[in-house]
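The values are calculated or read from the model by the stated rules, or taken from the named source; none is laboratory data. Keep in mind that this is a model prediction, so the values were computed, not measured. Don't worry about glycine lacking a Cβ; one is built from the backbone with ideal geometry, like all the others, and counts go over all protein chains shown. These accessible areas exclude ligands, DNA and RNA; they are computed on the full protein's heavy atoms, side chains included. Shrake-Rupley method; radii C 1.70, N 1.55, O 1.52, S 1.80 Å.
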Amino acid sequence: MNRSLTHKEAEQKKPLVAALEKAEAKAQDRETDELDALEEEFISTVSLDSTNGSSEKSESIKLIDAEEQLYPSPLEPIQAPAVGEQAVLAGGMTLDQLEAIALENNPAIQELAATTQKAAGFREQVTTRPNPTVGYQAQQLADRGTDQHLAFVEREFVTGNKLELNNRVLNATLAAQLQELEAQRFRVRTDIQIRFYQALALQRQLDLIREFSEVAEKGVDFAQQRMEAGEGTRVDILQSKILLNEVQLTQRQTQARLAAVWREIAALSGVPEMEYSRLEGTLPSESGIVDWEGLASNIVTSSPEYAAAHDRISRAYAALERQEVQPIPNMTAQLGAGVDYGTNSGMLNLQIGVPLPISNKNLGNIDAANAEICRAQMEAQRIKNSIEERLAVVSKEYDTATAAIDLYSNDILPSAKESLDLANQAYQAGEVGFVQILLARKTFFDTNLKYVDAQAQLAGAQSKIDGFVLTGGLNSVRDDSGDSSLRDQTFSQQ
């Protein structure tokens, strides 16, 4: 990720250096002509074009090698290969490619997938019927000739439709976990999109910085030549060097931000070792008017986060219905057959028993289930309010970015370009000084960088809207898979 000048760019500067050395060796009578030629080259330097897209310069791009590493078996994060084993991608990495890698390897998604499997396992367990009991019973063994031998089978019969109600409770739990898994996918996708557009904007800004850096370096050389010719001042040299240093500082800071954003992308993707690849995409340049109240209603209705909350309300109602039938006693029956040697005849025994719900009527669990319904309803309301609150923050980001893009593209950038052109013309006519033209170029440079920042902000806000304002792809996930305690309660009779 070294953003220093390439060999090709250095070669492009050699003609200017050679021209300056040649100018120093020439006679005094030709010095003025050489300076005029250099001045014309500096003034006619191509201005930064605010309408250009991403730079067309190619870069070496490396991506994880082997298809089986991009698509591993479930719950197994991929291992990044060594640098020498990584393939080179000719065109750059797209948003779709990054999303595919992240959805396959993000650890939070895999954790929630495992949690969903737990919920499915508990749902299966709470609906299974009890195993029958078989046994042997012998009586009066010490009294020879009167001993009795009996083989029996015992079975508990569930009443009150408890097993089916168990299934309803855990089925709602599983549905909520599936919605949580879908919400986590949106979180990861949104985070990847936000950082993708941040990196794309930083790439675009580095392209602009490189272009302007060439202009600033020529400005330093030109200021030195003017002073040697007696037409410039020390102030001109210092101002041109300050401008160049500011551009170089901006370049280093932008490189650092791009490196940090890429590390975030790699971590979110579940492949921390993934090497930097130049990203391919476009930044938005326009947007429409948004009905925020209508959008809030649509997001709440369609959000998997809110759907999971409603599934938990359904689970709470199912749990209440289940606890209400718990006092209905199961029936245990035992059937035995054997022989009585005292009478030398066969035996057939039948035993049936039920617990009496006198002391324990399950009132505590019923009260707790009613309270859980209230809690689940308030949780759903909290999530609804949270979605609306997050969307309000996004609306501020979206509207401010939209206003900035509109003003920059329609007024500020055209004005800055026109100001730069007029400053060039005025300088050629001798109406303004050297410092003024440097300031005009710096203004045009800064406005282009700010325009790209506004584009990145708009793209990030739109990503949050598309992702139901769900972010936090690496936050701790919710394990609400339940357990098999309802089955134990079913057969404990208590």
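Structure values in brief
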quantity: Full-stretch length increase - S476, M227 - with 0.36 nm per residue and alpha-carbon distance subtracted; calculated: 83.3 nm
quantity: Label-to-label distance, nm, for residues given as E111 and A260 (7 Å Cα→Cβ offset); calculated: 2.4
quantity: Total formal charge among the other residues, if their Cβ is under 15 angstrom from that of A454, Lys/Arg +1 and Asp/Glu -1; calculated: -4
quantity: Peptide ranges 293-305, 467-479 listed from the most packed, as the mean C-beta count within 10 angstrom indicates; calculated: 467-479, 293-305
quantity: Cβ crowding within 10 Å averaged over residues, with 218-227, 364-373 ranked highest first; calculated: 218-227, 364-373
quantity: FRET E, pair V393, Q125, Förster distance 35 Å, beta-carbon r, rounded to 0.05; calculated: 0.25
quantity: Within the stretch 467-490, backbone nitrogen closer than 20 Å to the virtual label 7 Å beyond the Cα of A368 toward Cβ; calculated: 479-490
quantity: Inter-centroid distance (Cα atoms) of the stretch 367-410 relative to the stretch 111-139, Å; calculated: 41
quantity: Sequence ranges 440-453, 318-331, ranked by mean other-Cβ count within 10 angstrom, highest first; calculated: 440-453, 318-331
quantity: Whole-Å distance, taken between Cα centres, linking the stretch 433-454 and the stretch 230-282; calculated: 16
quantity: Point-to-point label distance, E431-V325, nm (Cα→Cβ direction, 7 Å offset); calculated: 9.2
quantity: Carbon + sulfur, % of accessible area of the stretch 368-430 - ligands and nucleic acids excluded, 1.4 Å; calculated: 55
quantity: Approximate spin-label separation W292-D406, in nm, with each point projected 7 Å along Cα-to-Cβ; calculated: 1.4
